[in-house]
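Here is the structure we will look at, set down as structure tokens.
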Amino acid sequence: MATILKDYQFLDKVPEDIPLATVFPYLKEEPQFQRFDKERKFRRRSSGSLTLHAPRIKELEASMNDRNHAVAKIMRNWPFLNPMCGGVPLAVVMPSVLDRKDPDFYSILNKRKRLLKDPLTNKDAIRDA
């Protein structure tokens, strides 16, 4: 966590009520976050004036924090899902779900909600849903 705090002080420490230490392992695997981070590091090391790059660095940091919240939101709303879906960060898969463009996912989610009304009776079905 010390490295996170040192290198990523601009990230919210508790995005969507989830500690950054919980979110960060998945966040650092998220492709958009990686692209923003790579550019940010390049601009910070650049031989040009830091003041020249400051506006873009701020922009990148804001975008990285947006990704921080997006990953945390997925983890908060669907804690039963593995944040790494077959080696693919769930944050990459989830935008279509977040935009409600995936009717199959919502069909399964609604079924699971119905089953959770009686978790003892439906425990096997919940596990399979």
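The numbers here are math on the coordinates, done by the rules we state, and not lab data. Please read these numbers as outputs of a predicted model, since none were measured by experiment. Glycine gets a Cβ as well: all are built from the backbone with ideal geometry, and neighbour counts include every protein chain shown.
Placing dummy labels 7 Å off each Cα toward the beta-carbon, the span from Arg35 to Lys117 is 4.3 nm. Pairs from the table (Lys13/Lys58; Lys73/Lys113; Lys58/Lys113) lying more than 29 angstrom apart at Cα are Lys58/Lys113.
Of all trypsin sites (Lys or Arg not before Pro) in the stretch 1-61, which ones are in loop regions per DSSP and have a Cβ with at most 16 other Cβ atoms within 10 Å? Taking the stretch 1-61 and a limit of 16 other Cβ atoms within 10 Å, the loop trypsin sites (Lys or Arg not before Pro) found are Lys13, Lys28.
On full extension of the chain, what length is gained from Ser46 through Glu59, given 0.36 nm per residue of separation minus the C-alpha to C-alpha distance?
3.0 nm
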